[in-house]
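Novice: Shown below is the structure under consideration.
The values are calculated or read from the model by the stated rules, or taken from the named source; none is laboratory data. As the structure is a computational prediction, the values presented were derived from the model and not from experiment. All Cβ positions, even for glycine, are placed from backbone atoms using ideal geometry, and neighbour counts span all protein chains on display.
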Protein chains: 4
Amino acid sequence: MIISTKHGTPQIELDKLVSSFEAQGVRVSVITGTDYTVMGLVGDTTRLDEKRIRANPYVDNVQRISEPYKLTNRLFHQEDSIIRVAGIPIGGQEKIVAIGGPCAVEGEAEIIEAARAVKGAGGHMLRGGAYKPRTSPYAFQGLGTEGILEMVKAREITGLPIVSELMSEERIDEFEEYVDLVQIGARNMQNFQLLKAVGRMNKPILLKRGLASTIEEWIMSAEYIMASGNPNVIFCERGIRTFEKYTRNTLDLSVVPILKRKSHLPVIIDPSHATGDWRYVESLSLAAIAAGADGLIIEVHQHPEAAWSDGNQSVRPERFKEILDKGRAIAQVIGRDL
Amino acid sequence: MIISTKHGTPQIELDKLVSSFEAQGVRVSVITGTDYTVMGLVGDTTRLDEKRIRANPYVDNVQRISEPYKLTNRLFHQEDSIIRVAGIPIGGQEKIVAIGGPCAVEGEAEIIEAARAVKGAGGHMLRGGAYKPRTSPYAFQGLGTEGILEMVKAREITGLPIVSELMSEERIDEFEEYVDLVQIGARNMQNFQLLKAVGRMNKPILLKRGLASTIEEWIMSAEYIMASGNPNVIFCERGIRTFEKYTRNTLDLSVVPILKRKSHLPVIIDPSHATGDWRYVESLSLAAIAAGADGLIIEVHQHPEAAWSDGNQSVRPERFKEILDKGRAIAQVIGRDL
Amino acid sequence: MIISTKHGTPQIELDKLVSSFEAQGVRVSVITGTDYTVMGLVGDTTRLDEKRIRANPYVDNVQRISEPYKLTNRLFHQEDSIIRVAGIPIGGQEKIVAIGGPCAVEGEAEIIEAARAVKGAGGHMLRGGAYKPRTSPYAFQGLGTEGILEMVKAREITGLPIVSELMSEERIDEFEEYVDLVQIGARNMQNFQLLKAVGRMNKPILLKRGLASTIEEWIMSAEYIMASGNPNVIFCERGIRTFEKYTRNTLDLSVVPILKRKSHLPVIIDPSHATGDWRYVESLSLAAIAAGADGLIIEVHQHPEAAWSDGNQSVRPERFKEILDKGRAIAQVIGRDL
Amino acid sequence: MIISTKHGTPQIELDKLVSSFEAQGVRVSVITGTDYTVMGLVGDTTRLDEKRIRANPYVDNVQRISEPYKLTNRLFHQEDSIIRVAGIPIGGQEKIVAIGGPCAVEGEAEIIEAARAVKGAGGHMLRGGAYKPRTSPYAFQGLGTEGILEMVKAREITGLPIVSELMSEERIDEFEEYVDLVQIGARNMQNFQLLKAVGRMNKPILLKRGLASTIEEWIMSAEYIMASGNPNVIFCERGIRTFEKYTRNTLDLSVVPILKRKSHLPVIIDPSHATGDWRYVESLSLAAIAAGADGLIIEVHQHPEAAWSDGNQSVRPERFKEILDKGRAIAQVIGRDL
């Protein structure tokens, strides 16, 4: 940790600062410049509170040299983590995983039909929302438990593991029992209470990136889950808010090489929510694979125009198959499979 | 609602669309342009699902003419709402309210001293965090129930109502019993589960704006609370995320005239969290009052350099008094008091 | 164009609006709703000034149905434009073009060496900055004419066409004479004066996207160039400003399918400036090709640690070759070549 | 300047770095941590190129301690600069200046009428655009020289100095001769060529903030002008791009206390362009004055609904007078006048 003090700080205040740091068990080296004095703190600085130091009226700036995360940090866990979802390995050099399905579960017959279509196209897991975060209290909020149980039926028939979003601690038992991969949505990425709660689950977590979150904040949210005891976290990029009006959000594929370097956890890309437009899904799915993503989560619907939610961003099963077929060929160029 | 269809949409598809809207009880007027056909829907369009219409492959664009909110909408509630917090009225032409106190409750003696200082400076309520949303799982997470009870002591001694942040449904009973104004933090602005839960409380809610939320999304979150039965919502602007590096966030004072026009609910400004720097608090507090805000919430600490959290953004009690004194004079220019 | 008027607009004002539109040669259909009246304008609305209509106190909203661009619009130019740069075709199903070279020209020997390395790795053109836009007036501003002439030498030796940034109208003659592909930098994307000036040049233009520009604004800047007489415009995505701190900017690959749909002009991707970090260049270059880009522009330097400018984002020639080799294989999966 | 190197950097590379810095005339103190080594550079580091240092493969991070600007920096120029525009002083404790007028000059009679109205309401200068930066090449681009000459007529009649935007070096002679305060628009804030050119003018410059610029970048653009020889720069905040849809841009009033602390130059606020809506102009004008701004620039039009450009954001002369009257009372609270 590097601390710079303001121009004209009296020597006695500098001395007080040094003593207070030393009292907290770190060594301090002082560099005296023309306009500023700089202190370099050496040792375990994780206990020091950056904000508290900043509050000292003589301190100008505080800079952490080390990353603020540990369990998620590749520095301390060099090999890729492989996360298993109902036996399917995700991450490392494993096969790229393809998750497909409707935005919202719409009924038993529909979700079974969807699951069969996803499986037929070469998909490995079924997605479907039973609890939907909606901006408006008047919009359809999902089928709830009924939707979860219908997905379970679809799993029984097709064997596809199921992925669904958890919005509340109240439903943790339900998800622990029925859902294979528990999604935390973008709007809850910094719902720290919920992160701690899923950190005590025995199921892997798919952690979506917040709409305006930095990658570091996102990793810190994964750190919350890991620090609460659950090491099985998968990142999911779903687009960030930008000024663009031609898409709903802007897909940020740079997260793939960055997360691979900073962390050992897998990363999956969701081009459907990012763009909000099925016409851009194929192009960006192939790009995600070429970039090195560990998986795709794509909205697939047999009849997009009749979908209850987000039909505009859903591709039909035939196109989903096409995407996976081309994606497989691209995966092979970079030494992966799908 | 205005729907435009794509160039070259067959007449039969246009007819199908019209029939489907009419079947949902709205009247449809059709305008045929050179390149596009436009449908104007008249009647109660709140039941129509915008996203579902957009999913129709022949639809190019859907535009809502009416605002998507009702209970919070000034159109349907012309007079200003006055929200009472432990008897203190907020909003309309009532006195501008001044809330002060530390970021985090740090102990009984400290919070009592803070409450006395806030009261002595002319403040009307005491703020203090007992549950702290922190980016890092390793950072101080607040004193919890102990902190709430210490604030209650401070209220007993000074008579100041207390304001604190609620992060979890689990703590609703505690807040219902002890806290006068229940804050929903920026990171939970779209934690819809929590919004519904506080919508069932009997206490007024201070709804902070999300870091990257639009004003419409913010109003929709207030709508969630009101739709769940709690009409006592106060907006609190605390800065939005921008590219700026000299401040933590960017205070958006344009929300004051905008919220006054779009909604009937009061709005309070938090310049401390917005800027993250006490040196900018006075200037922006006075600006907030001149803009027409119904209140200020300011971090006040006797010893900012020793604060456990956010000391850098806390002003000392003497400066808090100065801000309120100047603020009062400005309030009078625009026909208010403080 | 769709115009909605405010609740309670008197009939006489509605009539005045209708007459004023009809006087400008468009037909008006009126839809009367419960709370609003909506007017649909049919005919050539490009002459109508949106802002002027909005200034009418009874008008609530104005929405254009048609895109505001014409020459760049795929709607009126269905086939892909192929832009030739010194004989090399870019766009359509042509070979993907690879442009490499240093950020700044650093001397004759260096640029010749760079050109040879780029050519040896399979690159098709040489990039190099002679006029550098720098945030600080004290930073190195480029070698100017000397740098351009050194690039010309490198072209003579290797045959590679040269790409360089033009910052001022003053240098147009120089660029017309010497440079093969004239780059307009991100900070000048809305320097309308310069856009009009290069619209009168006989050289193709590489139009970089502004740091916070929407795709529509970017297309409108291309429209400026085309409307001034120069049809040879190539888009270049170089990252947009976001909240991210781990990269300089955020590369937006969704522009590839969007531009392909909205426009007929080619699009090239610059992963070096976008990320500011050579470690992310390979991953995002391959992603760009998979997404369907028509070319790559990559910073290549033999000794990145000795580069005068932006060494941190430069890849060495060997890695450049690797990227192109893998990129070629990916291109073939989607039916292109490199 | 503080440089941190990567974990595992060999001693020989550390030594090389130290020698290279010492060879450039600065002293280096080295702090050896557990995971990182940190170097503190003392002396004149302005000659060192940050980007070049970053390109060293062993360097992890580079942090400047001093601000990158000098001439604009309050550190080296403690007293407020007072900039005179045709004799009217702006800045320091001088009277707050009120600039009013139409977005675009629309004709001689109109601009004279506008000037009289501005003067009658208590305004001190006349604004008007003769060269308009427009997103579309098909939109009205301003009356050009004719518009400038019409403003000159209005000045002759009313005595109000005139403010107008310069978009091109070509017109510098015209502006030097006729215009009292030369505006550089938001889109040209980083048109470095133009900044250098106006740095050679003998007229004061009103430098608008770029739509997505940080305050530091804005100050650096002022530094360009000052470094080219023109010390008379006034900052003008006109809103930044955010995600908000209810206003055109978001006015950032925090720039007032920040610029006052970082620089000695005056700052003027433009609430009309920021919000794009006259209904929010009064509220934010009063807020700007309370925040400590040195002036306001407001769009005033006698017949907003007939304005050629931006009528929706123009206030009528009567309201302009009201704003100035209330603003004067607020100014007095903070010890200023208007």
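Novice: Which ones in the range A:27-42 are under 26 Å from B:Phe140 (Cα atoms), touching a residue at least 24 places away in the same chain (Cβ under 8 Å) and either among the hydrophobic types (A, V, I, L, M, F, W, C) or within 12 Å of chain B (Cβ to nearest Cβ) (or both)?
Specialist: Selection gives A:Met39, A:Leu41.
Novice: Which residues, taken from the range D:113-139, are crowded, with 19+ Cβ neighbours inside 10 Å and assigned to a helix (DSSP H, G or I)?
Specialist: Scanning the range D:113-139 gives D:Ala114, D:Ala115, D:Ala117, D:Val118, D:Lys119.
Novice: Looking at the range A:27-112, what strands (runs of 3 or more DSSP E) fall wholly within it and have at least 2 residues that are in contact with a Lys or Arg (Cβ under 9 Å, 6 or more places away or on another chain) and modelled with pLDDT under 85?
Specialist: Ranges flagged: A:37-42, A:59-63.
Novice: For the range A:169-182, indicate whether the set of residues that are under 14 Å from the mean Cα position of the chain (by Cα) and in contact (Cβ under 8 Å) with a residue 24 or more places away in the chain is non-empty.
Specialist: Within the range A:169-182 (the criterion being under 14 Å from the mean Cα position of the chain (by Cα) and in contact (Cβ under 8 Å) with a residue 24 or more places away in the chain), the answer is yes, since at least one residue qualifies.
Novice: Can you name every residue in the range D:72-87 that is touching a strand residue (DSSP E or B) at 6+ places or on another chain (Cβ under 6 Å) and within 25 Å of A:Tyr36 (Cβ to Cβ)?
Specialist: Within the range D:72-87, D:Thr72, D:Arg74 meet the criteria.
Novice: Against the definition (touching a Leu at 6+ places or on another chain (Cβ under 7 Å) and either within 14 Å of chain C (Cβ to nearest Cβ) or of a type in the set (D, E, K, R) (or both)), how does D:Lys70 come out, yes or no?
Specialist: No.
Novice: Any chance the range C:133-141 includes a residue that's away from chain D (no Cβ under 14 Å) and closer than 15 Å to C:Gly185 by Cβ?
Specialist: No, every residue in the range C:133-141 fails to be away from chain D (no Cβ under 14 Å) and closer than 15 Å to C:Gly185 by Cβ.
Novice: For the range D:1-15, which residues satisfy the criterion of being loosely packed, with under 13 Cβ neighbours inside 10 Å and part of a helix (DSSP H, G or I)?
Specialist: Selection gives D:Gln11, D:Ile12, D:Asp15.
Novice: Could you check B:Val97 against (1) surrounded by fewer than 16 Cβ atoms within 10 Å (Cβ to Cβ); (2) in contact with a His (Cβ under 7 Å, 6 or more places away or on another chain) and say which number it fails?
Specialist: (1)
Novice: Would you call A:Arg74 touching a residue at least 60 places away in the same chain (Cβ under 8 Å), among the basic types (Lys, Arg) and closer than 30 Å to A:Gly142 by Cβ?
Specialist: Here the answer is no, as A:Arg74 does not meet what is asked.
Residue-wise test of (1) touching a residue at least 12 places away in the same chain (Cβ under 8 Å); (2) touching a Cys at 6+ places or on another chain (Cβ under 8 Å); (3) facing another protein chain (nearest Cβ under 9 Å).
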residue: C:Glu13; (1), (2), (3): yes, no, no
residue: C:Glu22; (1), (2), (3): no, no, no
residue: C:Gly25; (1), (2), (3): yes, no, no
residue: C:Asp44; (1), (2), (3): yes, no, yes
residue: C:Arg47; (1), (2), (3): yes, no, yes
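Novice: Right, something else. Quick one: in the range C:286-320, of everything that is in contact with a Gly (Cβ under 6 Å, 6 or more places away or on another chain) and more than 8 Å from every other protein chain (Cβ to nearest Cβ), which residue is nearest to C:Gly120 (Cα to Cα)?
Specialist: C:Phe320
One line per residue, one yes/no per condition, for (1) farther than 30 Å from B:Glu67 by Cα; (2) under 36 Å from the mean Cα position of the chain (by Cα):
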site: C:His7; (1), (2): no, no
site: C:Glu13; (1), (2): no, no
site: C:Tyr36; (1), (2): no, no
site: C:Arg64; (1), (2): no, yes
site: C:Glu67; (1), (2): no, yes
site: C:Gln78; (1), (2): yes, yes
site: C:Ile83; (1), (2): yes, yes
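Novice: Within the range B:193-216, how many residues turn out to be more than 13 Å from the chain's Cα centre (by Cα) and in a helix (DSSP H, G or I)?
Specialist: 5
The rows are residues; the columns are (1) touching a helix residue (DSSP H, G or I) at 6+ places or on another chain (Cβ under 8 Å); (2) more than 25 Å from A:Arg248 (Cβ to Cβ).
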{"site": "A:Ile157", "(1), (2)": "yes, yes"}
{"site": "A:Leu166", "(1), (2)": "yes, no"}
{"site": "A:Ile184", "(1), (2)": "yes, no"}
{"site": "A:Asn188", "(1), (2)": "yes, no"}
{"site": "A:Leu194", "(1), (2)": "yes, no"}
{"site": "A:Ala212", "(1), (2)": "no, no"}
{"site": "A:Glu217", "(1), (2)": "no, no"}
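Novice: What residue, among those in the range B:235-285 that are at the interface with chain D (Cβ under 7 Å from one of its Cβ atoms) and among the charged types (D, E, K, R), is nearest to the chain's Cα centre (by Cα)?
Specialist: B:Asp252
Novice: Out of the residues in the range D:142-185 meeting the condition of being away from every other protein chain (no Cβ under 14 Å) and assigned to a strand (DSSP E or B), tell me which one is surrounded by the fewest Cβ atoms within 10 Å (Cβ to Cβ).
Specialist: In this case the residue turns out to be D:Val182.
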